[in-house]
Amino acid sequence: MIACTMDGSHLCVEYNGLLLIDHCPARPFVIVGNGETDIDMYRGNFFFSERSFTTHPLTSYSITESVIEGVLYYKVVFHDDLRSVTCSLHELDDRLHISFETGGVTFNRFLLNFFACETEHVYGCGEQFSYLDLRGRSFPLWTQEQGVGRNKETAITRIADEQDKAGGDYYTTFYPQPTFVSSRGYFLHAETYCFATFDFSDPQRHNLLFWEVPQEVVIGRKETLIDVVSDISALLGRQRPLPKWCYDGVILGIQGGTEACLKKLDKMRSAGVHVCGIWAQDWQGEKHTTFGKRLRWNWQWDEALYPGLDTTIQELGRQGVCFLGYINPYVLAGAPLFKNAEECGYLARSGNGGTYLVDFGEFDAGIVDFTNEQACRWYCDVIERELIGFGLSGWMADFGEYLPTDCILSDGSSPLGMHNAWPGMWAQINREAVEGSGRADDILYFMRAGNARSLTACPMMWAGDQNVDWSEDDGLPSALTGTLSLAMSGMGLCHSDIGGYTTLYGMHRTKELLLRWCEFSAFSPLMRTHEGNRPSENWQFDGDEDTIAHFARMSGLHVALKPYLESIVRINSERGIPVMRPVFLHYPCEPFFDCSDAYMLGEDLLVAPVMEPGAVSRSLILPDEHWVDLFSGSEVCGGYRLIAAPIGFPPVFYRKESVWSDLFRSISERFGGLNGWR
């Protein structure tokens, strides 16, 4: 129910007892204006320079009520002497909808101030890697490279900025989404793909700035936070269940040709590693740059590098091993697919009428124009013919963040306005290709870039290009923070590269990091390795017998969890409750509101991965329940604990009263052996 209270120049709007708008002349709800900004892109990193920005607070208001087809509408006109914005508020499907009319006047800066309280916690905004609780900070929402290091105070970030403009910051992300969840029991989603800044630093207001007038703002109010998150996906859409083969082991990231793949596969399986797939990102060829090993972006089988792969895929399938590849929404300049697309007019154009070429680091590529329906159909056909028809069971659908703001699109759309929309359009291309092939139940593709459309169009996210280190902002811990942030935005399925990816500026993956990341991934919906951009500088899954044995143990544990994982993935598809969840979704109290180093896997497993080098134990606070240590079998009540955590035994607890306790007990008997914990 909407309730409006007026006291002179003061207006309060509540929804189901929740104060949302607290308008007064000193803090108006609506501020309008116009601005001009220079935007520069360098290899997916964007730099903004504001040239002008005028604002006009709309301090006065008038309000009317009307009933249309049985629905009560409030129309609030916020205005000054020259400008006005009409806000129409009504309830639909148990949510508050707010739409806006400007009377034909164009504004490209539109600020809304929603009520906030000082003790409030805020989550979401898509995938945020540095902070789970967004309170106290401002978050520009713009899809781009996540950046290397992502912390301006660290040496790695400074070096990346100095050498390649690639350092990033705490807010840089592949997956921005104008959606947040408040600990006060509601979510807010803005229906727009424009650049936005969600600023949660004001103790009394959430300041939401948009570079256009949003189509509408939708607010859902529920009694519990888990119901709030479920309601986001009820509004925006939900992911499908995963193919059943995904739970049958680890997907090994291998490169270098058919022989290399088979040799490593045989080595791992002979040592007892459960392998459900090979992911060979260079199936269509490779390129070498100063960054490291890259790919030849022509999405057709490279027979020279992978001889006999067509028949090998079939044989592997009979052995229960799927074969996955790689594709992105660009085509390598001069390659066959590029020439075909260019001749047909399927690529975005530059200002001089030629094909727009994007610099991806020592090679150029064209942008498939997703505003051109024929180009979309052509690219769907490429996926159906060259990937699915060839025999791939899945692929990494990479990139999507690089749409330049100065290219020309076929339908006349502004690339500035389409930039944040592009990842969702790319996801839709993949979905249509898979559905067109009739293989939606058994093909898996995974993406790093996304938006609100991804909830229905992408079956699995991955956390992108983490550093091969332990850093909070861009290493192993950031993969968990990003996953939980996505969970609070409605996206319930995510995983990460085991061991990370980015290997630059002296970084290299250690054995310990790989083993700990493997443990973390075993308690996620999908296990998949990556060699990194410089494989020779990283410890790999077959580095020694001890590492292989660790992968055998963790992949076996993952397979043993299959019934439970399938169940919670199905719950995500049916109810929109994420697979990996913040602890506070089930235990909404301090200190869990700030907990980003532990999580619930479903409602019955609490996982506290080790994310510090050299650690053989870790501290955590267990919720007030009766818990059982998965590896020692010891029972414990809630409270502060220091847990022994040698490699191979990450702190994991299950609820003693869980309906899955028999499964967990059997896993404990099979994989236990850790005697005692503190």
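The convex hull built on the alpha-carbon positions of the range 347-463 has an orientation-averaged projected area of 7.7 nm². Protection proxy ranking, highest mean first, for peptides 411-419, 372-380, 128-136: 128-136, 372-380, 411-419, where packing is the per-residue count of other beta-carbon atoms within 10 Å, averaged. For the pair residue 38 and residue 155, label points projected 7 Å from Cα toward Cβ lie 3.4 nm apart.
The spacing between the range 52-94 and the range 332-390, judged by their C-alpha centroids, is 44 Å. Express in % the proportion of alpha carbon pairs of the range 517-644 at distances exceeding 23 Å. Percentage above 23 Å: 41. Counting 0.36 nm for each residue step from residue 82 to residue 63 and taking away their Cα separation leaves a gain of 5.0 nm. The value for the range 204-298 of Rg(Cα) / (2.2 N^0.38 Å) is 1.84. For the range 1-91, the set of GluC sites (Glu not before Pro) satisfying both a DSSP loop assignment and a count of at most 12 other C-beta atoms within 10 Å is given as 69. Two numbers describe the Cα atoms of the range 244-569: Rg and Dmax, which are 19.2, 59 Å.
From least to most packed, judged by other beta carbons within 10 angstrom and beginning with the fewest, 359, 546 follow the order 546, 359.
The phi-based Karplus calculation (6.51 cos²θ - 1.76 cosθ + 1.60; θ = phi - 60°) puts the 3J(HN,Hα) values of the range 287-304 at 9, 10, 10, 5, 5, x, 6, 10, 10, 8, 7, 10, 7, 9, 3, 8, 5, 5 Hz, whole numbers, x for Gly and Pro.
Ordering 450, 128, 305 by Cα displacement along the dipole of the chain toward the positive end leaves 305 in first place; charges were set at the Cβ atoms of Lys, Arg (+1) and Asp, Glu (-1). In the set (i) 18, 52, 27, 3; (ii) 14, 30, 25, 16, 7, 5, 2, 1, 0; (iii) 16, 45, 30, 8, 1, the label that goes with P(r) over Cα pairs in 20 Å bins from 0, in percent computed for this structure is (i). By other beta-carbon atoms within 10 Å, ranking 18, 392 with the fewest at the front produces 18, 392.
Counting only helical runs of four or more DSSP H residues, what would the 222 nm mean residue ellipticity of the chain come to if each run contributes -39,500 (n - 2.57) and the total is spread over all its residues? Counting only the DSSP helices, I get -7000 deg cm²/dmol.
Here the peptides 449-462, 604-617, 183-196 are ranked by packing, the mean other Cβ count within 10 Å, and the order with the highest first is 449-462, 183-196, 604-617. Taken as Cα centroids, the range 437-457 and the range 1-36 sit 39 Å apart, rounded to the nearest whole angstrom.
Any read-out appearing in this document is the output of simple, stated calculations on the displayed coordinates, not a laboratory observation. Just so it is clear, the structure is predicted and the values come from calculations on it, not from any experiment. When we count neighbours, we look across all protein chains shown, and the Cβ atoms used for this are built from the backbone with ideal geometry, even at glycine.
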